[in-house]
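Derivation of every value follows stated rules applied to the coordinates shown; laboratory data play no part. Note that the structure is predicted; figures quoted are calculated from it, not measured. Note that each Cβ is placed from the backbone with ideal geometry, even for glycine, and that neighbours are counted across all protein chains shown.
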Amino acid sequence: MRLTILGCSGSVPGPGEPASGYLLDADGFRLGLEFGNGVFAELQRRCDPFDLGALVLSHLHPDHCADVTAMTVLRRYHPAPPYDPTERKLPVYAPANAPARLAMAYAPDETELAGTDLSDVYEFHALPAEPVKIGPFEVSAVPVDHPTEAFGVRVRHDGATFAYTGDTGPCDTLDGLVRGADVLLAEASWTDAPERPAGVHLSGRQAGELARDAGVERLLITHVAPWTDRDAILAEARGVFPAAELAERDAVYDV
């Protein structure tokens, strides 16, 4: 499978840098992972958005799901779609409250919200604890430590394993999530400074330790906020896992 970085700015988009958004491709199937601010535009640079086979959202903070509203406009109002989006709904795997949360983000007033649940163009599924098939991929999810319901995601295809932490502080579920992954995409939103809040996000050092202890082959650091020193986070990660890299927008990685 192939991983494409559509956006990797943490918490908010940065100058010319979309928030979280990724694509996994295999066997002609495109799986979206996160859909934060600015990601919809990046997706259109690479493919027709109607070609997206399914979408996974780890949690429902805007920097991970805001552009679902733009996708909704496309799926509802494109004058000449390649298929009927109400007949071929886009599967969305997300926390259980996603239908209500995304409808509230889309509807501009209470009148429209009363008649809008987005189920006309999306088919919502709760993120699966047990592996399920999404196109050619085997996908599972585990809860992680974040201020809202949030999950890390593990994807397998043709003997290869990709793991994604989502947004999380250190927690017991992470080791099983990433154990033995060929590629780990891990958020690291700050350095390991004593004044940072407990939980919420990983530091560069913690992401490196996670990769080292779980026997990961390759570590990609993502979700670095625009106000954070990317080089400092990378230096922390490499201090314990020398193969760590910073994810970059437009980069493509084979898994």
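Report ³J(HN,Hα) in whole Hz for each residue of region 103-110, in order, from the Karplus equation J = 6.51 cos²θ - 1.76 cosθ + 1.60 where θ = phi - 60°; Gly and Pro get x.
5, 5, 5, 8, 6, x, 7, 5
Given the rule -39500 (n - 2.57) for each run of at least 4 DSSP H residues, summed and divided by the residues of the chain, what is its mean residue ellipticity at 222 nm, to the nearest 500 deg cm²/dmol?
-6500 deg cm²/dmol
Determine the relative contact order of the chain: mean sequence separation of Cα pairs under 8 Å and six or more apart, normalised by residue count, in whole percent.
18 percent
Using the Karplus curve 6.51 cos²θ - 1.76 cosθ + 1.60 with θ = phi - 60°, work out ³J(HN,Hα) for each residue of region 136-150 in order, rounded to whole Hz, and write x for Gly and Pro.
Karplus values, whole Hz, x for Gly and Pro: x, 9, 9, 10, 9, 9, 10, x, 10, 9, 8, x, 10, 4, 8.
As I understand it, the dipole of the chain uses +1 on the Cβ of Lys and Arg and -1 on the Cβ of Asp and Glu, about the Cα centre. Which of P95, I5, A235 lies farthest toward its positive end?
About the Cα centre, the residue reaching furthest to the positive side is I5.
Of T72, T161, T111, which is the most mobile in a GNM of the chain whose springs link Cα atoms less than 10 angstrom apart?
So, out of T72, T161, T111, the one fluctuating most is T111.
Rounded, prolate or oblate: pick one for the chain, where a ≥ b ≥ c are the square roots of the eigenvalues of its C-alpha gyration tensor, a/c under 1.5 means rounded, and failing that, prolate if a/b is larger than b/c, else oblate. Before the final figure, lay out each step's value.
Values: a/c = 1.76, a/b = 1.52, b/c = 1.16.
Prolate, since a/c reaches 1.5 and a/b exceeds b/c.
For the residues I5, I233, what sequence is obtained by ranking on other C-beta atoms within 10 Å, fewest first?
I5, I233
Once the piece of chain linking A80 and A96 is laid out straight, how much longer is it, given 0.36 nm per residue of separation minus the C-alpha distance between them?
So the extension gain works out to 2.6 nm.
Kindly work out what percent of the DSSP beta bridges joining two residues of the chain are antiparallel, to the nearest 5.
Values: 30 of 53 bridges.
Here the share of antiparallel DSSP bridges comes out near 55 percent.
Where the only charges are on Cβ atoms (+1 Lys, Arg; -1 Asp, Glu), what is the dipole of the chain about its Cα centre, to the nearest 20 debye?
For the chain, the charge dipole is close to 300 debye.
Is region 1-83 best put as rounded, prolate or oblate by its Cα gyration tensor, with a ≥ b ≥ c the root eigenvalues, rounded for a/c under 1.5, and otherwise prolate when a/b is larger than b/c, oblate when not?
It comes out oblate by the Cα gyration axes.
For the chain, take the longest principal axis of its alpha carbons; what is the angle in degrees between that and the long axis of helix 204-213, to the nearest 10 within 0 to 90?
Orientation of helix 204-213: about 80 degrees from the principal axis.
Which ³J(HN,Hα) values, rounded to whole Hz and listed in residue order, are derived for region 121-127 from phi using the Karplus coefficients 6.51, -1.76 and 1.60 in 6.51 cos²θ - 1.76 cosθ + 1.60 with θ = phi - 60°, glycine and proline given as x?
10, 10, 10, 8, 9, 5, 4
Compute the relative contact order of region 115-251 as a whole-number percentage, counting only Cα pairs closer than 8 Å that sit 6 or more residues apart in sequence. Don't skip to the end; give the middle numbers.
Values: 297 pairs, mean separation 23.6, N = 137.
Once divided by the residue count of region 115-251, the mean separation gives 17 percent.
I'd like the distance separating the alpha-carbon centroids of region 103-161 and region 38-67, in whole Å.
Result: 12 Å between the Cα centres.
Picking from F35, H78, V252, whose Cα lies most toward the positive end of the charge dipole for the chain (charges on Cβ: Lys, Arg +1; Asp, Glu -1)?
It is V252, whose Cα lies furthest towards the positive end.
Which of E149, E110, E17 ends up with the largest GNM mean-square fluctuation for the chain, with Cα atoms connected below 10 Å?
Of E149, E110, E17, the most mobile in the Gaussian network model is E110.
Which residue, chosen from A129, T165, L184, occupies the Cα position most advanced towards the positive end of the dipole of the chain, where the dipole is computed from +1 (Lys, Arg) and -1 (Asp, Glu) charges on Cβ about the Cα centre?
Positive-most Cα among the choices belongs to L184.
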